[in-house]
Amino acid sequence: MKCEEAQEFVIGVFTEPQGARVELGALLVGYYEDGEFVYAGEVGTGFDGKLLTSLRARLEKIERAESPFTRAIGLPRAAHWVKPEVVAQIAFLEWTDDGETASHYTRSSNRTTKV
């Protein structure tokens, strides 16, 4: 798959790993628009074991009781909500027709910032 676009997204959720995966399953990310934190999609590739371990530890420190997203449809029920403080550079193929979510994600880098 050729990724054609890249953008910074804020991590709002992480899920538990499935199968042989360790530390975390996927990141659910979003962006800010008109004062709202909008769900953009799920990132599940582009991680090595070391990054999964460090990212899980970092995100556990900023867990919260409820979803940080103000506009979101289809979020998982079993998830770890986090304060929207960690920004990840995400490569993706395209925006969906609704213009709110991107498809075919892969993580390329991440950093911590206050948004």
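The values are calculated or read from the model by the stated rules, or taken from the named source; none is laboratory data. Just so it is clear, the structure is predicted and the values come from calculations on it, not from any experiment. Positions of Cβ are backbone-derived with ideal geometry, glycine not excepted, and every protein chain shown enters the neighbour counts.
Within the stretch 9-20, residues that are under 12 Å from A79 (Cβ atoms) and in contact (Cβ under 8 Å) with a residue 12 or more places away in the chain sit with their Cβ atoms under 8 Å from residues that are among the β-branched types (V, I, T) and surrounded by 15 or more Cβ atoms within 10 Å (Cβ to Cβ), at 6+ positions apart or across chains, in these pairs: I11/V29; I11/V82; I11/V86; I11/V87; G12/V29; G12/V82; V13/V82; F14/V82. If you go through the stretch 46-73 and keep only what is free of Cβ contacts under 8 Å to residues at least 24 places away in the same chain, in a loop (DSSP other than H, G, I, E, B) and over 24 Å from A6 (Cβ atoms), you end up with K61, R64, A65, E66. Looking across the stretch 1-16 at every residue that is of a type outside the set (S, T, N, Q) and at pLDDT 85 or above, the one that is surrounded by the fewest Cβ atoms within 10 Å (Cβ to Cβ) is identified as E16. What about R107, is it at pLDDT 90 or above and outside any loop (DSSP other than H, G, I, E, B)? Spelling it out, it is not the case that R107 is at pLDDT 90 or above and outside any loop (DSSP other than H, G, I, E, B). If you filter the stretch 17-45 down to residues that are in contact with a strand residue (DSSP E or B) (Cβ under 8 Å, 6 or more places away or on another chain) and assigned to a loop (DSSP other than H, G, I, E, B), you find that the one that is surrounded by the most Cβ atoms within 10 Å (Cβ to Cβ) is A26. Return yes or no: is A88 among the aliphatic types (A, V, I, L, M), at pLDDT 80 or above, part of a strand (DSSP E or B) and in contact with a strand residue (DSSP E or B) (Cβ under 8 Å, 6 or more places away or on another chain)? Yes, satisfied.
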